[in-house]
Amino acid sequence: MKKGILLVAAVFLLKSIFAQQNPNIVLIYADDLGYGDLSCYGATQIQTPNIDKLAKQGLRFTNAHATSATCTPSRFSLMTGTYAWRKKGTGIAPGNASLIIPVDKITLPAVLKRAGYQTAIIGKWHLGLGGPEGPDWNGEIKPGPREIGFDYSFILPATVDRVPCVYVENHYVAGLDPADPIQVSYKEKVGDWPTGKDHPELLKLKPSHGHDQTIINGISRIGYMTGGKNALWKDEDIADELASHSKQFIIQHQSRPFFLLLTTHDVHVPRTPHSRFAGQSSMGDRGDVILQLDATVGQVTRTLDSLGLSENTIVIFSSDNGPVVDDGYQDNAVEKLGKHRPSGNLRGGKYSAFEAGTRVPLIVRWPAAIAAGTVSDALFSQVDMLASFAALTKQSLAEDEATDSFDMLGALLGKSKKGRPYIVEQANALSVVKGHWKYIEPKSGAAKNNDVNIELGNAMQPQLYDLSNDIGEKNNLAVKKPSLVKELSALLETIRQSDNERKRN
Ligand code: NG6
Ligand code: CA
């Protein structure tokens, strides 16, 4: 009897110690999901109940941004707290690129590791792997996630439309048979596996532009590969694989604070919904993988619920860049789009300097600290996650660490309505948004990418938009307001030249 009471007391004590510990953090980072793609952001042709529920229980941002309109630079900034455009070689990475994140600088996972967190990345990486020679797919693959602060990694090395089509778990290709080594080239054909260019009759999903090299699982990819047959992923199972690895990580690390970065493949191309989702939306494959993404979120939140972790776990949901409908495969996304507007009422999309390039959904749920059902119009940039997480875990950054990252914890948790004083958006051109004014620097290059049917925002003349009454960036006021153009172009130049934005502010 006495023992029983002691046990109960011990359990209570442990519970209260855990209640005071740092919150777990689960950051779910979707790929190419647009500002208008979720029902909680106004979509009506598609319902995303699990993500909507996060918004209902937490905080939804209307003016949050990835740093860039494409994946690699956005992820680079998220990880390093610095702008990718400051560093050469941070554009969309080929599948055999070497690691582009410096291993001797602070990173988002390293900040949390410093605070005692167990850290993991599960999902898309696309930040390069290995030293200057690139990754050794048949040996130890490093440096990579483990060397920049993740205790555990289970990744898609680049994108699913790029070879090699294998998972990398920690330092090795998962399930690789050493007798069947992998060869990869982005220059010339390797091995004798057919390509989409030569054998379109073998394809279950045909390219619309590019994507005509080695065929894996009936889908032609960017790049050539051969070997590693046992290790090849099955496209339709990727979402479930990532969700089940995430679940496992959460279950195994529930007793200590953990940071899980779940970077989904959905809704990037090639879009290959599992049979549970195929045909379930009215919008073809793109709609179906939005449903699949929503279900992934549901799997994670239900895991947290079942372990009693939801109260003290911050769940963050966002996207790496804006939406694209045809990104290189004939998957019916264009034909079945109907009235759905992936960019909502914003102009542009993925690759674009217009708002839809970087303005993305951002939802933050933390029942222990954030009031349910709130909406924030604060200007927020993902480059600030690093310094904000440092603040959350009561750490101060050294002056030379993550120098573009500001502590915006107050805004991130909805305690403050005040956002960033300004943000920089990266597409081909850089833009700066200050208050409700947006300036896009003059840039040569096509005004529109016809393959993807997206306006890129390039123009030889400066562009100035008043986002408070022209969110669709239709009315260029640069000629009418030369002094504002001067002010904002000077600000952009100052930021560009600045070697320490946090210090400068
Ligand atoms: C482009 C690809 C596109 C996509 C993108 C990267 C072609 C024609 N297009 O080069 O399909 O893979 O790169 O997307 O190859 S991102 O979200 O990872 O930045
Ligand atoms: Ca992307």
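The values are calculated or read from the model by the stated rules, or taken from the named source; none is laboratory data. Remember, it's a predicted structure, so these values are computed and weren't measured experimentally. Quick reminder, even Gly has a Cβ in these numbers, built from the backbone with ideal geometry, and neighbours come from all protein chains shown. When the accessible area is computed, the model is the full protein with side chains, heavy atoms only, and any ligands, DNA or RNA have been set aside. Shrake-Rupley method; radii C 1.70, N 1.55, O 1.52, S 1.80 Å.
Some values worked out for this structure:
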| read-out | value |
| --- | --- |
| Given (1) more than 16 Å from ligand 1 (Cβ to nearest atom); (2) crowded, with 21+ Cβ neighbours inside 10 Å; (3) part of a loop (DSSP other than H, G, I, E, B), index of the condition S282 fails | (2) |
| Pairs with Cβ under 8 Å, 6+ apart, first in region 349-364 and farther than 19 Å from Q463 by Cβ and away from ligand 1 (no atom under 15 Å from the Cβ), second of a type in the set (A, V, I, L, M, F, W, C) and assigned to a loop (DSSP other than H, G, I, E, B) | P361/L33; P361/L38; V364/I370; V364/L413 |
| Complete set of residues in region 18-61 that are of a type in the set (A, V, I, L, M), open to solvent by less than 30 Å² (accessible area, probe 1.4 Å) and within 29 Å of R256 (Cβ to Cβ) | I25, V26, L27, I28, A30, I51, L54, A55, L59 |
| Test for G298: is it under 22 Å from the mean Cα position of the chain (by Cα) and surrounded by 23 or more Cβ atoms within 10 Å (Cβ to Cβ) | no |
| Region 287-315: number of residues that are in a helix (DSSP H, G or I) and either among the charged types (D, E, K, R) or away from ligand 1 (no atom under 16 Å from the Cβ) (or both) | 20 |
| Hey, D326 at pLDDT 95 or above, of a type outside the set (F, W, Y), out of contact with any helix residue (DSSP H, G or I) (no Cβ under 8 Å at 6 or more places or on another chain) and within 16 Å of ligand 2 (Cβ to nearest atom) or not | yes |
| Residue that is nearest to ligand 2 (Cβ to nearest atom), among those in region 66-123 that are in contact with an Asp or Glu (Cβ under 6 Å, 6 or more places away or on another chain) and more than 23 Å from V424 (Cα to Cα) | T119 |
| Which numbered condition S483 fails, given (1) closer than 30 Å to A371 by Cβ; (2) at pLDDT 95 or above | (1) |
| Residue that is farthest from ligand 1 (Cβ to nearest atom), among those in region 62-79 that are open to solvent by 10 Å² or more (accessible area, probe 1.4 Å) and touching a helix residue (DSSP H, G or I) at 6+ places or on another chain (Cβ under 9 Å) | T62 |
| Condition met for D212 (charged (D, E, K, R), in contact with a strand residue (DSSP E or B) (Cβ under 6 Å, 6 or more places away or on another chain) and crowded, with 18+ Cβ neighbours inside 10 Å) | yes |
| Within region 152-194, considering residues that are touching a residue at least 40 places away in the same chain (Cβ under 8 Å), under 16 Å from T263 (Cβ atoms) and open to solvent by 10 Å² or more (accessible area, probe 1.4 Å), the one farthest from ligand 2 (Cβ to nearest atom) | Y152 |
| Exclusive hit being assigned to a loop (DSSP other than H, G, I, E, B), open to solvent by 40 Å² or more (accessible area, probe 1.4 Å) and either touching a strand residue (DSSP E or B) at 6+ places or on another chain (Cβ under 9 Å) or under 24 Å from S310 (Cα atoms) (or both), set S244, S255, S275 | S255 |
| All positions within region 195-206 that are open to solvent by less than 50 Å² (accessible area, probe 1.4 Å) and without any contact (Cβ under 8 Å) to a residue 24 or more places away in the chain | L203 |
| Leading residue by the ranking (nearest to I222 (Cα to Cα)) among those in region 90-109 that are out of contact with any Phe, Trp or Tyr (no Cβ under 8 Å at 6 or more places or on another chain) and crowded, with 21+ Cβ neighbours inside 10 Å | A93 |
| Members of region 117-151 found to be buried (at least 20 other Cβ atoms within 10 Å of the Cβ) and among the charged types (D, E, K, R), listed by number | K124 |
| Residues (away from ligand 1 (no atom under 12 Å from the Cβ) and either under 24 Å from L260 (Cα atoms) or out of contact with any strand residue (DSSP E or B) (no Cβ under 6 Å at 6 or more places or on another chain) (or both)) located in region 80-96 | T80, G81, T82, Y83, R86, K87, K88, G89 |
| Index of the failed condition, S318 passing every other in (1) within 16 Å of ligand 2 (Cβ to nearest atom); (2) part of a loop (DSSP other than H, G, I, E, B); (3) small (G, A, S) | (2) |
| Selection count, region 459-486, where residues are charged (D, E, K, R) and open to solvent by less than 90 Å² (accessible area, probe 1.4 Å) | 4 |
| Inter-residue pairs, beta-carbon under 6 Å, first within 17 Å of H253 (Cβ to Cβ) and in region 310-330, second within 13 Å of ligand 2 (Cβ to nearest atom) and among the polar types (S, T, N, Q), 6+ apart | none |
